[in-house]
Amino acid sequence: MALTGLQIFKLLPKTNCKKCGKPTCLAFAMALAQKKANLDECPDASEETRASLAEASAPPIKAVQFGTGDGQVKVGQETVLFRHEEKFYNQTVVSVTVSDTLSGDALKARIEAINALQFDRVGTHIQVNSITIINESGSADSFAAAAEAVKAASSLAMILVSDSADALAAAVAKVADAKPLIAKATADNAEAVARIAKDNGCAVVAEAESIESLAELTEKIKAAGVEDIVLSLNETLKNRLYGLTQIKTLALKKSFRALGYPTISCVLEGKAEDQAVKAISLICKHSSIVVVETAEQYAMLPMLTAIMNIFTDPQKPVQVEPKLYAIGEVTDQSPVLFTTNFSLTYYTVESDAEGSRVPCYILVVDTEGTSVLTAYSGDKLNEKVVAAAITKCDVENIVKHRKLIIPGYVAVMSGKVEEETGWEVIVGPRESSMLPKFLQEIA
Ligand code: SF4
């Protein structure tokens with residue numbers, strides 16, 4: 001059970017020294033109880049206190065990692081049910097299956113196809129992060145061989161799925177240093193699977209058909225010495241969506257530790273597009289890992305796009321790097337236009353500038369990721385900011401002319417920009433969609 005604010009207060013130094021940023025120890029204790037503070041922020045808390053408060057200060061949903069190096073992934077650690085309450089921390093991991101009935105070139109081709117599931121969207125790289133090896137053959141040797149082949153050909157984090165503890169032991173023995181996620185421990189094999197996970201320092205999936213059974217199972221696995229657990233509710237899609245919401249609610253709102261773990265769901269049947277629809281439902285409704293069978297790019301892109309949108313920090317606008325971008329085969333006579341570093345604004349302008357087929361430069365000004373009008377009204381976009389960007393990006397040495405195209409919406413800045421920069425200002429169109437015509441006319 002989590003401690004109350006008053007119980008936590010009794011364990012703190014009670015000096016009200018304010019080093020934690022709170023006015024009193026009681027205020028800090030209350031914040032800690034509500035998961036709005038971290039015990040590390042009190043430098044004077046004794047080791048004894050730290051041990052006593054470990055549970056109270058732990059995130060309500062445990063962070064679990066699997067894989068190694070660049071391929072390592074982290075799931076869980078969420079503190080809120082809805083993104084607007086704060087933010088979500090660790091993105092849903094999409095994992096694509098490989099059957100151990102494949103071997104040789106077919107296995108190699110499948111792994112390569114999964115490795116290639118990578119896209120660039122609105123300036124951000126998105127990709128599949130995991131491969132799930134399924135023991136369809138029923139053979140421990142084939143399972144171990146497939147796991148070994150995946151490890152050799154991919155750096156993606158692995159999930160090993162088998163109903164047989166012996167097959168899991170055989171596969172883990174081959175790839176233990178890749179720290180795979182081991183699936184799955186059930187009521188029948190929990191001790192054996194937990195032992196494999198513990199001996200190899202791996203996380204384990206606990207699977208049951210009801211929330212109550214899952215809670216009992218996690219207690220059993222924890223008692224066997226495994227802390228890193230991922231929950232799997234073996235249910236229909238509809239019931240699973242309800243179940244995942246209930247699990248997350250119980251963990252976050254009731255601090256129910258036995259369910260305070262990330263979750264995994266599988267969508268292994270149906271057409272690629274149907275798998276995408278189901279997977280996106282699970283991504284929206286709290287599944288920390290979604291395993292799909294399809295490796296079709298057209299089905300994967302919407303899944304990754306959904307993740308990208310859901311896990312964007314609502315308090316942090318999506319930004320591009322403020323710098324000078326060259327569009328096309330530019331010369332020192334190419335036009336220079338500026339815009340802000342709000343991603344949506346930049347990529348709209350970039351796309352329209354490219355559409356004009358007139359090589360040009362886009363000077364992206366740092367407005368903390370806000371759009372042109374928002375930045376102007378908040379004084380994040382003014383003549384000084386534009387002048388500083390020109391200097392910082394060395395635009396005066398890159399082009400020989402001194403003409404700057406400014407967005408039509410901030411035509412009012414013209415005079416001040418001319419005074420501050422010494423550049424002639426040309427007022428561009430209000431709407432970016434008019435840029436192609438505008439650029440062609442002035443070229
Ligand atoms: Fe109390 Fe620790 Fe905060 Fe100081 S830093 S006010 S001792 S909780």
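The values are calculated or read from the model by the stated rules, or taken from the named source; none is laboratory data. Note that the structure is predicted; figures quoted are calculated from it, not measured. What goes into the accessible areas is simple: the full protein's heavy atoms, side chains included, and nothing from ligands, DNA or RNA. Shrake-Rupley method; radii C 1.70, N 1.55, O 1.52, S 1.80 Å.
Around VAL365, which amide H atoms from residues at least 5 apart in sequence, or from another chain, sit under 5 Å from its own amide H, with H modelled in the peptide plane?
THR339, THR340, ASN341
Can you tell me the Rg and the Dmax, both Å, for the Cα atoms in the stretch 246-340?
For the stretch 246-340, the Cα radius of gyration and maximum Cα-Cα distance read 20.6, 66 Å.
Evaluate the relative contact order of the chain (contact order divided by residue number), counting alpha-carbon pairs under 8 angstrom at least 6 apart; express in whole percent.
11 percent
Would you mind checking which residues have amide H under 5 Å from GLU136's amide H? H placed 1.01 Å from N; only 5 or more apart, or other chain.
Amide H to amide H, under 5 Å and 5 or more residues apart or across chains, GLU136 pairs with ASP100, THR101.
What are the lysines whose alpha-carbon lies under 21 Å from the alpha-carbon of LYS174, with same-chain residues fewer than 8 places away excluded?
Partners found: LYS108, LYS151, LYS184, LYS198.
Taking only DSSP H segments of four or more residues, each worth -39500 (n - 2.57), what value at 222 nm results for the chain once the sum is divided by all its residues, to the nearest 500 deg cm²/dmol?
-12500 deg cm²/dmol
Just the accessible area for ILE211, please: 1.4 Å probe, Å², rounded to the nearest 10?
30 Å²
From the phi of every residue in the stretch 284-293, what ³J(HN,Hα) in whole Hz does the Karplus formula 6.51 cos²θ - 1.76 cosθ + 1.60 yield, where θ is phi - 60° and glycine or proline is x?
Using θ = phi - 60°, the values come out as 5, 10, 6, 6, 7, 10, 10, 9, 10, 8 Hz.
Against the longest principal axis of the chain, how steep is helix 297-310, in degrees 0 to 90 to the nearest 10, with axes from Cα atoms?
80 degrees
If I fit a long axis through the Cα atoms of helix 237-253 and take the longest principal axis of the Cα atoms of the chain, what angle between them do I get, 0 to 90°, rounded to 10?
90 degrees
With a 10 Å cut-off between alpha carbons and a GNM built on the chain, which of GLU329, GLU273, GLU235 moves the most?
GLU329
What does the extension gain come out to for LYS403 and ALA106, with contour length at 0.36 nm per residue minus their alpha carbon separation?
101.1 nm
Tell me, what is the 1.4 Å probe accessible area of HIS84, in Å² to the nearest 10?
Here the accessible area works out near 140 Å².
Please report the spacing between the Cα centers of the stretch 146-180 and the stretch 355-423 in Å, no decimals.
That distance is 54 Å.
Each residue of the stretch 330-343 in order: what ³J(HN,Hα) in whole Hz does its phi give by Karplus 6.51 cos²θ - 1.76 cosθ + 1.60, θ = phi - 60°, with x for Gly and Pro?
Whole-Hz 3J(HN,Hα) from phi for the stretch 330-343: 6, 10, 6, 10, 5, x, 10, 10, 10, 8, 9, 8, 6, 3.
If you plug each phi of the stretch 365-378 into the Karplus form 6.51 cos²θ - 1.76 cosθ + 1.60 with θ = phi - 60°, what whole-Hz ³J(HN,Hα) values come out, in order, with x for Gly and Pro?
Karplus values, whole Hz, x for Gly and Pro: 9, 6, 10, 6, x, 9, 6, 4, 5, 4, 5, 5, 5, x.
Once neighbouring chains are kept in place and the probe is 1.4 Å, which whole percent of the accessible area of the chain is contributed by carbon and sulfur?
The computed percentage sits at 50.
Which aspartates and glutamates, on any chain, are close to LYS62 with Cα under 13 Å apart, when same-chain ones fewer than 8 places away are left out?
GLU78, GLU227, ASP228
Please report, in Å, the Rg and the Dmax of the chain, where both are computed over Cα atoms only.
When restricted to the Cα atoms of the chain, Rg and Dmax are 27.0, 78 Å.
May I ask you to give the solvent-accessible area per residue for the chain, in square angstrom, as obtained with a 1.4 angstrom probe?
That works out to 48 Å² per residue.
What fraction of the Cα pairs in the stretch 324-442, stated in percent, has a spacing above 24 angstrom?
15 percent
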